[in-house]
Amino acid sequence: MIQRNGVYYYHRRVPKLVAHLDDRAPFARQSLKTDDLAKARAQRDILEQADNALWASMLTDGKTDAALAAHKVSRARAEALGFAYRPALEVAQLPLEDLVRRFAAISDLRTPVALETAVLGGVDRPRVKVSEAFEIYCNEIAAVEIVGKSEEQKKAWKKVKKYAVDAFTKVVGEDLAMDDITRDHAKKMHEHFKGLIAPKDAKAAKMSASLGKRRLGDMSILYKRYYAHIGVEGRANPFEGLTFSQKFKKRRLPFPIEWVRDVILKPGALASLNDDARHIIMVCIETGARPIELRYLRAERIKLHEKVPHILVEPSFDPDEPHEVKTVSSVRRIPLVGVALEAMKLHPDGFERYRENGNKLSATVNSYLKENKLQPTGKETLYSFRHTFEDRLKEGRIDDELRKILMGHTIDREQYGSGGSLKLYQEELLKIVYPFDKSIV
């Protein structure tokens, strides 16, 4: 940044690698129209980021990337002069006083053509396909939101979001440009899901209302946030209001309390299951922790030698091994009692075998339960042990608020104090602990 006659200018050398592609070479320069240093720095930062994107796109073969970068730069140049970027057709329809202001800002004969183009909307908005917009959403728009996730969590997050994009593309028959999506296309997706949720033969239903709602919601979010990202305001969202309601939410089946005691914890029942999977089941039985919470345990969060042995469920901010927890209320301390304590003693560093492979853990355990006839209805899964734990807390008349704390559920009132001591938690859990034969561990 330089200053001339009191006015600050954005002044930056165009990199040699792209100098032959940028008509501003050797220097990109633009008046920031201000003598206020703080304001000038803010405007300079906007232009720097935009030029970085532009020059990066020039080094790729992607036409869409280049078009998006050019559009982003034009927006930044216009914003640096205090104007919202508008395509030329919209600029032509602005009130006369707005037009006069725009022309006055570029009236100097020395104004670069690129700046004139930005202020007058000479760069067309790129035609980005739905699949391309989805990648922009994942890599740029939602980047901050997923930065704390582990690689496994990021893949799972993207996989779930992509279901909506794939469904929409399949229903409309092509990978449409975002600008071409109409209300009719959105309604077609809604009707398609409606047919899966509520077919004439109710027994033929292939989708729940909540799942259909999520898919349409994900498309709505993609549409809304993509256009906000590229600076388009006030664009009607074709997916707005298209949703489904569900009166009854499907719940996972818990194991009956006695079944866990008399069948699952019976000597020999889990004997041929690998150690990590077997011990995760045991810890889940007496802690109610989600399987993913157990998989991500590390040595520093396994407190075996404390006065009250316990585990800590919390996110990891280690850049090499980040991971999130489901909600803020999921952060908690859970005492280790009974078979959970004995199993955890054998894994002071956690369960490395399944740390980044939740699907493999679920598949291994669920297949084992099925093959060994350890499911009373054939529908129970690894996650069912968590639901059984909650049933046991209720049957044991454990205080409602303490149940929520141990389960990691939200307490719907203002909270005071620490929530109670680990000693209290331990004493309450010992009231419902299962008896077990140590040989099963």
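The values are calculated or read from the model by the stated rules, or taken from the named source; none is laboratory data. Every value quoted in this text rests on a predicted model; they were computed, and no experiment measured them. No Cβ is skipped: glycine too gets one built from the backbone with ideal geometry, and neighbour counts run over all protein chains shown.
Numbers below:
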quantity	calculated
Some residue of the stretch 160-177 being closer than 23 Å to Lys326 by Cβ and exposed (fewer than 13 other Cβ atoms within 10 Å of the Cβ)	yes
Members of the stretch 38-65 that are modelled with pLDDT of 80 or more and surrounded by fewer than 12 Cβ atoms within 10 Å (Cβ to Cβ)	Ala38
From the options Lys149, Lys155, residue that is within 30 Å of Arg355 (Cα to Cα), at pLDDT 90 or above and assigned to a loop (DSSP other than H, G, I, E, B)	Lys149
Checking Asp166 against (1) touching a Lys or Arg at 6+ places or on another chain (Cβ under 6 Å); (2) among the charged types (D, E, K, R); (3) without any contact (Cβ under 8 Å) to a residue 24 or more places away in the chain, the condition it does not meet	(1)
Residues located in the stretch 368-389, provided they are among the charged types (D, E, K, R), crowded, with 18+ Cβ neighbours inside 10 Å and assigned to a helix (DSSP H, G or I)	Arg386
Failed criterion for Glu233 (all others in (1) surrounded by 13 or more Cβ atoms within 10 Å (Cβ to Cβ); (2) of a type outside the set (Val, Ile, Thr); (3) more than 30 Å from Glu371 (Cβ to Cβ); (4) in contact (Cβ under 8 Å) with a residue 40 or more places away in the chain hold)	(1)
Hey, Ile334 among the β-branched types (Val, Ile, Thr) and buried (at least 18 other Cβ atoms within 10 Å of the Cβ) or not	yes
Count of residues meeting criterion [over 17 Å from Gln30 (Cβ atoms) and either in contact with a Gly (Cβ under 7 Å, 6 or more places away or on another chain) or modelled with pLDDT under 70 (or both)] in the stretch 72-123	5
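Rundown of residues vs (1) within 20 Å of Leu406 (Cα to Cα); (2) part of a helix (DSSP H, G or I); (3) without any contact (Cβ under 8 Å) to a residue 12 or more places away in the chain; (4) assigned by TED's automatic domain parsing to the domain that holds Lys404, yes/no style:
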| residue | (1), (2), (3), (4) |
| --- | --- |
| Leu273 | no, no, no, yes |
| His279 | yes, yes, no, yes |
| Cys284 | yes, yes, no, yes |
| Ile292 | yes, yes, no, yes |
| Val325 | yes, no, no, yes |
| Ile334 | yes, no, no, yes |
| Leu341 | yes, yes, no, yes |
| Met344 | yes, yes, no, yes |
